[in-house]
Amino acid sequence: MVEEIERVKTYIQGFDEALQGGIPKGHLILISGTAGSMKSSLTFNILFNEAKAGRVGLYISLEQSYDSMYKHFLNMGMNLDLINIQHINDLGKIDEVVNATKSSDKGTIVVADMGCIRKEIKDIKVGDNKSWLNVIKNIVKKVKMETACTNFVLDSLSALYTLSRFEAPRVELFYIFEFLRDMGLTTYLISEMPLDRSKYSQYEIEDFLADGIIYLRLTPFRRNIVREISIVKMRATDCNNDVFSLEFKNAQFSALYGGQNPLL
Ligand SMILES: Nc1ncnc2c1ncn2[C@@H]1O[C@H](COP(=O)(O)OP(=O)(O)OP(=O)(O)O)[C@@H](O)[C@H]1O
Ligand SMILES: [Mg+2]
């Protein structure tokens, strides 16, 4: 008998079914898409629903501040009172966040934004272009070791490249993926896709290192734009690679499919 693989749902109606129920636990997934294709919303929505089920997730945002994210998710109709949301605004106080996560009777999303990381880096010697990466690794290690964290979102890999200036990106990325794999978290790495959609990730080696790629895009259709989602690859999964149209209504994502043009 084939052993059941434990999976994390994407919480997109119709899409989990295309993934044999969800993403295999512990996988490293690239969430690749053009600007505004709802990469952040979709991954935060996974952590939100996992937190509603009592679990802990970590969201590191190098693009948007905590306040900007919070407003966006409220506007999307997420009832953030249902979960425990913890913002690390000073890494010196990370123990408080860890304790509040451990003692909460609700599931938690721990959010670290670039503000708190920048504050920490000011104290590190100038010219050390690995500091962003090191601070991120330390946050992941601490939250993973001291809480029951199971899911991790890095928003975004592209921003990390800008901040870190890798000298040998292919080698460095290999070790970053190794580090993340060792952490054992189901990990979602957001990757900004260029407008010409020529590649899923900046150095392309990420495509091979990742266990799965989910591709989001905005496609012009007549005079409208249609949101679309598809699975490019997913290891250990018999997946349906068809292109679905992605809808967000009443705080719920759905992937619609019918083999016809999406309804407009
Ligand atoms: N109910 C809603 N509330 C707010 N935004 C919504 C809603 N429904 C759809 N959106 C759209 O979500 C988009 C932003 O989503 P999100 O920030 O998750 O995208 P992204 O791919 O992460 O973008 P970026 O490239 O800026 O990081 C906006 O363009 C907005 O129009
Ligand atoms: Mg985003």
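Some values worked out for this structure:
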| read-out | value |
| --- | --- |
| Residue satisfying all of: in region 66-90; touching a residue at least 60 places away in the same chain (Cβ under 8 Å) and over 11 Å from Lys52 (Cβ atoms); surrounded by the fewest Cβ atoms within 10 Å (Cβ to Cβ) among these | Gly77 |
| Options Lys125, Lys141, Lys137, Lys93: the member that is part of a loop (DSSP other than H, G, I, E, B) and either closer than 27 Å to Ser164 by Cα or modelled with pLDDT of 95 or more (or both) | Lys125 |
| Count - residues of region 39-69 that are over 23 Å from Arg235 (Cα atoms) and within 14 Å of ligand 2 (Cβ to nearest atom) | 11 |
| Residues of region 182-196 satisfying the condition of being in a loop (DSSP other than H, G, I, E, B) and either at pLDDT 95 or above or over 21 Å from Ala18 (Cβ atoms) (or both) | Gly184, Leu185, Pro194, Leu195, Asp196 |
| Complete set of residues in region 9-37 that are touching a Lys or Arg at 6+ places or on another chain (Cβ under 7 Å), within 15 Å of ligand 2 (Cβ to nearest atom) and in a loop (DSSP other than H, G, I, E, B) | Thr34, Ser37 |
| Subset of region 31-54 that is away from ligand 1 (no atom under 12 Å from the Cβ) and over 9 Å from the mean Cα position of the chain (by Cα) - its residue that is surrounded by the fewest Cβ atoms within 10 Å (Cβ to Cβ) | Ala53 |
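The values are calculated or read from the model by the stated rules, or taken from the named source; none is laboratory data. All figures in this text were calculated on a predicted structure; none of them were measured in a lab. Cβ atoms come from the backbone with ideal geometry, glycine included; neighbour counts cover every protein chain shown.
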